[in-house]
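Here the structure comes first, spelled out in structure tokens, and everything after it is commentary.
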Amino acid sequence: MTNYLLAVLVIFGANIMPAFAPPTWSILVYFTLRYQINPIGLVLLGVASATLGRSVLALTFRKLRSWLPKGYVANMERLGTYIARNSRRTIGLLVLFFLSPISSAQLFEAAGIIKQIALKPLLIAFAGGRLVSYSIYVSSATVLKSTSLGEVITKELTSPKAIVLQVALILGLVALGNVKWKVKG
């Protein structure tokens, strides 16, 4: 029970961080390789913890809007209007949150800044996508647990490539808010 609680706290904590947190799948793989833990329970707790964490992250950014440059927020709002005016774009956004293989922190930060984007559908899409991907990672780790390949995976979880990816995603979020989005009346 303690390992499950620890996993929930670590996953939640990683998902409220705006950047530089390990991806949830790597935390799940670590707990799978390190502890005798039920994979189904771990996946379900992982999805719930990650979704709750991303919700808190988005709502925090929604509250911090007043601290951001007004021009940046205005550009993000125009992006939100651009997305909201077309159902295909809205569906595309949901698909992005469902399928996104990249870190979702910056996606939720942007969604938090853009008030006209409803968070609940994004969180549902996120949870659905993570249920699939986390199941694949945890079941693979369960199979690999008894092999030396498990050691290789554990070593790769600390790769400097993850830090470079996080910096690139933060720069992408900043760039997104600096685009002068044009919305036709």
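The values are calculated or read from the model by the stated rules, or taken from the named source; none is laboratory data. Note that this is a predicted model, so its numbers are computed, not measured. Counting neighbours? That spans all protein chains shown, and the Cβs are built from the backbone with ideal geometry, glycine included. Accessible surface areas use protein heavy atoms only, side chains included; no ligands, DNA or RNA. Shrake-Rupley method; radii C 1.70, N 1.55, O 1.52, S 1.80 Å.
In this structure, is THR154 modelled with pLDDT under 75, open to solvent by 20 Å² or more (accessible area, probe 1.4 Å) and of a type in the set (S, T, N, Q)?
Spelling it out, THR154 is indeed modelled with pLDDT under 75, open to solvent by 20 Å² or more (accessible area, probe 1.4 Å) and of a type in the set (S, T, N, Q).
Against the condition open to solvent by less than 70 Å² (accessible area, probe 1.4 Å) and either more than 17 Å from the chain's Cα centre (by Cα) or at positive phi (or both), how does ASN75 come out, does it pass? Before you say what the answer is, go through the steps one by one.
Details: open to solvent by less than 70 Å² (accessible area, probe 1.4 Å): yes; either more than 17 Å from the chain's Cα centre (by Cα) or at positive phi (or both): yes.
Considered against the rule, which asks whether it is open to solvent by less than 70 Å² (accessible area, probe 1.4 Å) and either more than 17 Å from the chain's Cα centre (by Cα) or at positive phi (or both), ASN75 comes out as yes.
Pick from the range 1-50 the residues that are open to solvent by less than 30 Å² (accessible area, probe 1.4 Å) and assigned to a loop (DSSP other than H, G, I, E, B): which of them is modelled with the highest pLDDT? Quick ask: steps written out before the conclusion?
Kept after step one, since they are open to solvent by less than 30 Å² (accessible area, probe 1.4 Å), are these residues of the range 1-50: 7, 11, 13-15, 19, 21, 24, 26-29, 31-32, 37, 41-43, 46-47, 49-50.
Among the residues that remain, those that are also assigned to a loop (DSSP other than H, G, I, E, B) are: 19, 21, 37.
Numbers: ALA19: 87, ALA21: 88, ILE37: 92.
Of everything passing the filter in the range 1-50, ILE37 is modelled with the highest pLDDT.
How about the range 95-121: which of its residues are in a helix (DSSP H, G or I), touching a residue at least 60 places away in the same chain (Cβ under 8 Å) and within 22 Å of LEU45 (Cβ to Cβ)? Steps first, please.
Our first condition is that a residue be in a helix (DSSP H, G or I); within the range 95-121, this holds for 95-99, 105-113, 119-121.
Now restrict to residues that are touching a residue at least 60 places away in the same chain (Cβ under 8 Å): 105-106, 109-110, 113, 119.
If the condition is that a residue be in a helix (DSSP H, G or I), touching a residue at least 60 places away in the same chain (Cβ under 8 Å) and within 22 Å of LEU45 (Cβ to Cβ), then ALA105, LEU119 are the ones that fit.
Only residues that are surrounded by 14 or more Cβ atoms within 10 Å (Cβ to Cβ), among the small types (Gly, Ala, Ser) and closer than 23 Å to TRP67 by Cβ: list them for the range 88-142, please.
SER103, SER104, ALA105, ALA110, ALA111, GLY112
Tell me which residues, restricted to the range 57-72, are of a type in the set (S, T, N, Q) and either over 15 Å from LEU107 (Cα atoms) or crowded, with 19+ Cβ neighbours inside 10 Å (or both).
Initially, the range 57-72 is screened for residues of a type in the set (S, T, N, Q), giving 60, 66.
Within the range 57-72, just SER66 meets the criteria.
If we scan the range 129-146, do we find a residue that is assigned to a helix (DSSP H, G or I), over 27 Å from THR32 (Cα atoms) and either in contact (Cβ under 8 Å) with a residue 24 or more places away in the chain or touching a Cys at 6+ places or on another chain (Cβ under 7 Å) (or both)?
We begin by selecting, within the range 129-146, every residue assigned to a helix (DSSP H, G or I); these are 129-144.
If we keep only those that are over 27 Å from THR32 (Cα atoms) as well, we get none.
Looking through the range 129-146, none of the residues is assigned to a helix (DSSP H, G or I), over 27 Å from THR32 (Cα atoms) and either in contact (Cβ under 8 Å) with a residue 24 or more places away in the chain or touching a Cys at 6+ places or on another chain (Cβ under 7 Å) (or both).
In the list THR81, THR90, THR60, which residue meets the criterion of being of a type in the set (S, T, N, Q), over 15 Å from GLY112 (Cα atoms) and in a helix (DSSP H, G or I)?
Working: THR81 fails: over 15 Å from GLY112 (Cα atoms); THR60 fails: over 15 Å from GLY112 (Cα atoms).
Of the residues listed, the single one that is of a type in the set (S, T, N, Q), over 15 Å from GLY112 (Cα atoms) and in a helix (DSSP H, G or I) is THR90.
Go through (1) under 30 Å from LYS182 (Cα atoms); (2) modelled with pLDDT of 95 or more one by one and return the number of the condition ALA74 breaks.
Among (1) under 30 Å from LYS182 (Cα atoms); (2) modelled with pLDDT of 95 or more, the lone unmet condition for ALA74 is (2).
Give just the number: which of (1) modelled with pLDDT of 90 or more; (2) over 21 Å from ILE16 (Cα atoms) does ILE91 not satisfy?
Here ILE91 meets the rest and fails (1).
Has the range 23-45 got at least one residue that is within 11 Å of the chain's Cα centre (by Cα) and of a type in the set (Ser, Thr, Tyr)?
So the first thing to find is which residues in the range 23-45 are within 11 Å of the chain's Cα centre (by Cα), and the list is 23-25.
If we keep only those that are of a type in the set (Ser, Thr, Tyr) as well, we get 24.
Yes, the conditions are met somewhere in the range 23-45.
Quick one: ARG54 ticks every box in (1) closer than 29 Å to VAL138 by Cα; (2) open to solvent by 40 Å² or more (accessible area, probe 1.4 Å) bar one, so which box is it?
(2)
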